[in-house]
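Some notes on the structure that comes next.
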Amino acid sequence: MARPRAMGHHRAGPGRRRHDHVTTSVDRSGHWGFGGSITLGQVTVTVDHGSEPWPVRVRGPRGEVLGAGMLIDERQILTCAHVVAGASEDPYTAPTGPIGVDLVGQPGSPRVSARVVPDCWVPPTDEGGGDVALLELARPLSPGPYAPLRRMRLWDRHVVVRGFPDTLEQGLYVRARLAGPSGTRRERVQMDAATTGPQISPGFSGAAVVDDITRTVVGMVVSTYRDSHDAPPVGVGATPASGLSWMIPVETILHHLPRLGDLVPGTPSVDRGFLAANHLPVDPAVARQITDLFTQQLDANVLIVVTVHPGSASAAAVRQAAVRSSRELRPTGAPTVADDRADVPPVGSIDLAVDVTGRPTEAVSQRIAEWTGAADDAADGRATALPPRSSIIDNIDEAGDPETLLSDVVMPLIDQAATRDLRVLLTFRGEAVGLRLALLARRVATLAATEAAAERAYRAVAPLVADPPRVPSRSTRLRIRLTALRAMADQSALAAWLASTERAVDRAVREAETVRRKLVAVEADWSELRGRLDGFLAMAVDNGLDEDAALSPLYRRAYEQLTGGACDLVAAAAAVHRYADAVRHGVGARSGRGVS
């Protein structure tokens, strides 16, 4: 039975230097010709990819390679607990003896001795948690640079990993892509290996996962997915079972080893301000609504909550959701999934939570850009930055300039909510009618544009296929409702009707976008079938089968199914497949071999 496996080869079951700033200088000449400049205090050291001085190789008591690790300051090494467990008889007890470490990034790969730091060995759990360890070298090394740990977006980033499989003790580089949170506890992030070339395999556990653009370390390899417990290690030229592996992101590492916080620049994905006064009572209805939003149980992309004041039960519900979902800030021992807590979002379900109280718009924009990697991608000339898939923007009306924040940050994010299926929680301290009406007007305009795009897709599809989904038309009615809201004098009635209209517009945008996607997909299916039919006709002609008596009626039937109007896609697909099979059979018969 297929299952994830930890990747140490032999699994049996002080002083610090802060990385103050990280910059990137990318060599565009080739995929592997990357370079980065890491600034330590006022000293900048240029590092070419493949010659970083901080990767290490961990060895067992008999000299066998157990896995990898990374030098994070002059005395400390970060690796996986199951890697160093290979040096112990009990996989759930930290080894007390010395552990051999090869400084493979240093000239001559000197071997040094290290021991597990007391209280810094977190064994793996059955639910896929923990599995981190901190080692201390017997003697300090000369100044770095050291592994530049960084908190960052954890999906759709391309990364590079160097591990030490059995057959390649000097190391192997593998490319992969971060796919997103995974596992029962959601502490880990799935990595999908490149479709060709070597794959992550046993011997990679503890290896740094390096972002392709920034050259910073965003996590540590912890396990791979193998089809069989007895499957051999995957090296060059071998075919992996799936190309899947997992990493422990930096924020999870910091949760288990908070003493490393001084070594990581920047702030957690959840602002520390959300930690304030979390002992206050929580509004259960608001907490459940927030959890439903971020677990996609609520049929909405955008949720707006008015918290009234910092000590309110609604404000406490927002803070609870942000903190309990944080990989780094969640309380130690807190549940990581919401199976038994309907009012707590799972760990990792909220990508970014920002309290904008008193903050200028530029600072908020920079905060989001740094976390998503937008600033790095822009500097590198790439347009790959994506918005947070799930986010909280807290206390919008108490920002330094609420109107500018709304127009420059909030509205562009909300414009993409339905298209990208984002989940966004917006909170206001007061009713903030003016701000919310401005946001509502923008969303009504988005609704009208989405309905227009869906209608264009409908007009393209309607002549081709039978019963395409109809486009809802709600923008006009909701625009009239917006006008009425602007004219209302009764503030108490206005607040309730405004909230109702916000929800109605969000549902309408979501539904219109869903219909648009379905129509686009239907047209794509029809076009694919038409192209397939034309392709097999060309194959028949090329092989002298264009006048074949058996093929002609099959082609004519498939062609009429597709082009006769009101096409039944299921029936048309069956007709195209019958023709394609017949062409393959005819070509095979002529050549004396089968055609696949």
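The values are calculated or read from the model by the stated rules, or taken from the named source; none is laboratory data. On a predicted model such as this, the values are computed, not experimentally measured, just so you know. Here the Cβ positions follow ideal geometry from the backbone for every residue, glycine too, while neighbour counts run over all protein chains shown. Surface areas here come from the heavy atoms of the whole protein model, side chains and all, with no ligands, DNA or RNA. Shrake-Rupley method; radii C 1.70, N 1.55, O 1.52, S 1.80 Å.
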query: Order of 541-549, 344-352, 453-461 by packing, highest average Cβ count within 10 Å first?
result: 344-352, 453-461, 541-549
query: What accessible area per residue, rounded to a whole number of Å², is obtained for the range 521-593 using a probe radius of 1.4 Å?
result: 55
Dmax and Rg, reported as Rg then Dmax, of the range 79-203 (C-alpha, Å): 16.1, 42
statement: Once all protein chains are kept in place, Arg175 shows an accessible area at probe 1.4 Å, nearest 10 Å², of 50
- line: Taking Cα atoms only, Rg over Rh for the range 518-559 with Rh from the Kirkwood formula is 1.12
message: Among Gln296, Thr476, Leu426, which residue has its Cα furthest toward the positive end of the charge dipole of the range 272-514, with +1 on Lys/Arg Cβ and -1 on Asp/Glu Cβ?
response: Thr476
- prompt: Given charges of +1 on the Cβ of Lys and Arg and -1 on the Cβ of Asp and Glu, with all other atoms neutral, how large is the dipole of the range 521-593 about its Cα centre, in debye to the nearest 20?
  reply: 280
task: Over the alpha-carbon set of the range 521-593, divide Rg by the Kirkwood Rh and report the Rg/Rh ratio to two decimals.
output: 1.00
Mean projected area in nm² (Cα convex hull; one quarter of hull surface) for the range 376-479: 9.4
- prompt: Say R0 is 35 Å: what FRET efficiency, to the nearest 0.05, do Arg507 and Ala466 get from their beta-carbon distance?
  reply: 0.80
- line: Note to self: Kirkwood Rh of the range 272-514, Cα pairs, one decimal, Å, is 19.1
field: Mean Cβ neighbour count within 10 Å, used as a protection proxy, ranking 119-129, 504-514 highest first
entry: 504-514, 119-129
query: Quick one: what does P(r) look like for the range 73-145 with 10 Å bins over all Cα pairs, in whole %?
result: 20, 50, 25, 5
